[in-house]
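The values are calculated or read from the model by the stated rules, or taken from the named source; none is laboratory data. What you see is a predicted model; the values in this text were computed from it and never measured. When we count neighbours, we look across all protein chains shown, and the Cβ atoms used for this are built from the backbone with ideal geometry, even at glycine.
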């Protein structure tokens with residue numbers, strides 16, 4: 001098990017993580033620290049717990065926005081896939097009708 005030190009709002013925290021995840025945890029810690037620093041710029045030093053709650057809410061809001069965006073993109077992709085399937089079906093129907101028309105025309109020419 002790995003151990004990583006991160007600093008958030010000037011305070012050091014020791015975080016346990018899976019081996020190999022140390023760089024990821026450091027990056028996440030830097031992101032949280034950046035978010036807290038932005039909040040300090042807006043609301044001042046409002047207390048460690050309050051700043052961390054505000055940061056968690058802000059980061060969660062960003063995450064939910066991304067999830068909703070991915071869902072919208074998934075719906076668009078699904079609609080596009082459905083549209084492609086409909087176009088393929090229509091193309092096959094037209095090809096089938098064209099084959100029938102050619103057979104009818106051929107039989108009329110023989111008559």
Exercise for the section: For segment 31-54, indicate whether the set of residues that are modelled with pLDDT of 90 or more, in a loop (DSSP other than H, G, I, E, B) and surrounded by 11 or more Cβ atoms within 10 Å (Cβ to Cβ) is non-empty. Expected result: no
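Yes/no per residue for (1) in contact with a helix residue (DSSP H, G or I) (Cβ under 8 Å, 6 or more places away or on another chain); (2) touching a residue at least 12 places away in the same chain (Cβ under 8 Å); (3) farther than 19 Å from residue 59 by Cα:
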{"position": "6", "(1), (2), (3)": "yes, yes, no"}
{"position": "9", "(1), (2), (3)": "yes, yes, no"}
{"position": "16", "(1), (2), (3)": "no, yes, yes"}
{"position": "20", "(1), (2), (3)": "no, yes, yes"}
{"position": "23", "(1), (2), (3)": "no, no, yes"}
{"position": "30", "(1), (2), (3)": "no, yes, no"}
{"position": "34", "(1), (2), (3)": "no, no, no"}
{"position": "40", "(1), (2), (3)": "yes, yes, no"}
{"position": "44", "(1), (2), (3)": "no, no, no"}
Practice task
Filter segment 1-23 down to residues that are in a loop (DSSP other than H, G, I, E, B), surrounded by 12 or more Cβ atoms within 10 Å (Cβ to Cβ) and over 28 Å from the mean Cα position of the chain (by Cα), then give me how many there are.
Solution key: 1
Problem - Selection status of residue 107, at pLDDT 70 or above, more than 30 Å from residue 31 (Cβ to Cβ) and either part of a helix (DSSP H, G or I) or in contact with a strand residue (DSSP E or B) (Cβ under 7 Å, 6 or more places away or on another chain) (or both) - result: no
Practice task
Might you check whether a residue that is assigned to a helix (DSSP H, G or I), surrounded by 11 or more Cβ atoms within 10 Å (Cβ to Cβ) and modelled with pLDDT under 90 occurs anywhere in segment 63-74?
Solution key: no
